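Below is one structure, written out as structure tokens, with a few remarks after it.
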Amino acid sequence: MRNSTLLRNLLTIFFWLLLAVPSVNAADFQQGLDAAKRGDFATALQEWQPLAEQGDAYAQFNLGLMYVNGYGVAKDDTKAVYWYRKAAEQGEAYAQYNLGVMYDKGYGVAEDDTQAVYWFRKAAEQEIAIAQFNLGNKYRKGEGVSEDDAQAVYWFRKAAEQGHANAQFNLGYMYDKGDGVATDDTQAVYWYKKAAEQEIAIAQWSLATMYQNGEGVTKDDTQAVYWYRKAAEQGFAKAQYNLGVMYDFGYGVAEDDTQAVYWYRKAAEQ
């Protein structure tokens, strides 16, 4: 089963690319673009295949996307890897990122963390935020590269400053725990809040705990309840339990046993 987040990322990149005509063969590329916008991927394939075979990186990248998602062709990860590689070797940044994903997950090619890191880095150096985030995770976990929290922080920051929500959470966590950077609760709160405002449930829960404990921010049970609720409503079990506690003891909200039981039950069911 494919990772649904991966597919969403690929689809997002696909339709983002369709908004422009970067190909040097602009007229032919545009015909494929127009067809793809109509959902006529068979025609898009007819237009882009010759361009790809002639070495057009953007057509090669789009063919990779078509094969990985089964647009106008049978799904074929091996062919997707082939076309991503063609484009990636010409410096196409999103092809480099997607090729890294294929190596990372073992789609159409043997899983290879070293190759994943290689291609993530190529894309990261071209300021692709999701590649920077993934490269940070590789350094954090020591996959395909020596474990290095300082490098993880470096790449998480690069992605976080571009607004990548999960990178913002990870950077907050690094400051919270003092991993690869000096512990700094104020910075932890800053980045947790950035991610929380983008609906990252674990960041909302983490921010709530900072408010409840007065770490990096003035203690504020009302704000803690607010952020616990945001995470709890997304189904985050720890937040559901914490929200139950707040209602149980009247912290930041009127004491309410019915609500306490409701949220305890939600957490218990998980």
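The values are calculated or read from the model by the stated rules, or taken from the named source; none is laboratory data. These figures come from a predicted structure and were not determined experimentally. All Cβ positions, even for glycine, are placed from backbone atoms using ideal geometry, and neighbour counts span all protein chains on display.
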Fill in: Single condition Y192 does not satisfy, out of (1) in contact with a Ser or Thr (Cβ under 7 Å, 6 or more places away or on another chain); (2) surrounded by fewer than 17 Cβ atoms within 10 Å (Cβ to Cβ)
(2)
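Okay, residues lined up against (1) modelled with pLDDT of 95 or more; (2) among the hydroxyl-bearing types (S, T, Y); (3) in contact with a Phe, Trp or Tyr (Cβ under 7 Å, 6 or more places away or on another chain); (4) under 15 Å from A27 (Cα atoms):
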residue	(1), (2), (3), (4)
A44	no, no, no, yes
Q49	no, no, no, yes
D56	no, no, no, yes
Q60	no, no, yes, no
V68	no, no, no, no
K79	yes, no, yes, no
W83	yes, no, yes, no
Worksheet item: Which helices (runs of 4 or more DSSP H) sit wholly inside segment 177-270 and have at least 3 residues that are in contact (Cβ under 8 Å) with a residue 60 or more places away in the chain?
Response: none
